[in-house]
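Quick notes on the structure that follows.
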């Protein structure tokens, strides 16, 4: 079974800065150490091809707004 690398789009701090867009979340069935938290897509694709893993994009679910209870 090929391994999987799970990643998601990261939350942007400030606009105008060129920063890596993706954050590594989890790695399954792959012997791999990473030393960075944020990656560019072509970097993730290169790593996945090198170790024979599949990339899986996680959806960034939006939390519903909390409603205040009125007494």
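Just so it is clear, none of the values below were taken in a lab; they were calculated from the coordinates. The shown structure was predicted, so the numbers you read here are calculated from the model rather than taken from an experiment. Note that each Cβ is placed from the backbone with ideal geometry, even for glycine, and that neighbours are counted across all protein chains shown.
Write down the percent of antiparallel bridges among all DSSP beta bridges whose residues are both part of segment 3-57, to the nearest 5. Spell out each step's value before the answer.
Values: 8 of 13 bridges.
Close to 60 percent.
Roughly speaking, what is the stretch gain from residue 33 to residue 6, that is 0.36 nm per residue apart minus the C-alpha to C-alpha distance, in nm to one decimal?
8.3 nm
Between residue 50 and residue 21, 0.36 nm times their residue separation minus their Cα-Cα distance comes to what?
Stretched out fully, the residue 50 to residue 21 stretch lengthens by 8.4 nm.
By per-residue mean of other Cβ atoms within 10 Å, what is the highest-first order of 50-58, 3-11?
Final packing ranking: 3-11, 50-58.
Test of understanding: ordering 46, 39 by Cβ neighbours within 10 Å, fewest first, what list do you get?
With the fewest neighbours first, 46, 39 line up as 46, 39.
Tell me the Rg and the Dmax, in Å, that the Cα atoms of segment 3-57 produce.
11.5, 37
Below 8 Å between Cα atoms, with a sequence gap of 6+, how large is the relative contact order for segment 3-57 in percent? If you can, show how the numbers build up before the last one.
Working: 76 pairs, mean separation 25.6, N = 55.
Dividing the mean separation by the residue count of segment 3-57 yields 47 percent.
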